[in-house]
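Here's the structure, in structure tokens; my notes come after.
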Amino acid sequence: MIKRKNRYCFVIELNEDQVDDYVELHKNPWRETLEGLKAAGADELLIYRYKNFSILFYECDDINEVYRKWGATETCKKWNARLAKAYKVTPSIDGSDDVETLEKIFDLNQQLAGKLEQY
């Protein structure tokens, strides 16, 4: 049986005047960003937007390890500089600190099986 990767979710609040630019960049990301995140250990990354909130969903072994590896790249530094004005509060997505993820409180399949796991 293949072990499923951990799943993480977190939210970033965006400055209202930067939402369109943030969305456009994420709909048309740099190829080296995609490759860099994959190489850092992100098996899956989905981003949704609700109003001026960016909701990120990851599947990986360890989200903080992904960001430590990704944060050490020149592409990450350029990407974060490009988006610096977008964030209300700059998130720790460069490996400099642990990512503050959301608490999972419901998982249909896990709870049917009898145990809710955080990741």
Show me 54-60, 14-20 ranked by packing, highest mean number of other Cβ atoms within 10 Å first.
-> 54-60, 14-20
Once the dipole of the chain is set up with Lys and Arg at +1 and Asp and Glu at -1 on Cβ about the Cα centre, which of GLN110, LEU56, GLN18 lies farthest towards its positive end?
-> GLN110
Stokes-Einstein D for the chain at 10 °C, 1.306 mPa s, Kirkwood Rh over Cα pairs, in µm²/s?
-> 104 µm²/s
Proximal lysine pairs in region 6-113, meaning Cα under 22 Å and 8 or more positions apart or interchain, come to 17
Once Lys and Arg are counted +1 and Asp and Glu -1 for all other residues with Cβ under 12 Å from that of PHE53, the total becomes +1
Cβ charges +1 (Lys, Arg) and -1 (Asp, Glu), total dipole of the chain, debye = 220 debye
Kindly express, to the nearest 10 degrees and within the range 0 to 90, the angle between helix 31-40's C-alpha long axis and the longest C-alpha principal axis of the chain.
-> 40 degrees
Total formal charge among the other residues, if their Cβ is under 10 angstrom from that of GLN118, Lys/Arg +1 and Asp/Glu -1 | -1
Rounded to the nearest 500, what is the chain's calculated 222 nm mean residue ellipticity when only DSSP H runs of at least 4 contribute -39500 (n - 2.57) each, over all residues?
-> -10000 deg cm²/dmol
Extension gain (nm, one decimal) between GLU13 and GLN110, 0.36 nm per residue minus Cα-Cα = 32.0 nm
Assigned charges on the beta-carbon of Lys, Arg, Asp, Glu; region 63-106 dipole about Cα centre (debye) = 320 debye
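Every number here is computed from the coordinates shown, using simple stated rules; none is lab data. Not measured: the values here are computed from a predicted model. Methodologically, a virtual Cβ is constructed for each residue, glycine included, from the backbone with ideal geometry; neighbour enumeration extends over all protein chains shown.
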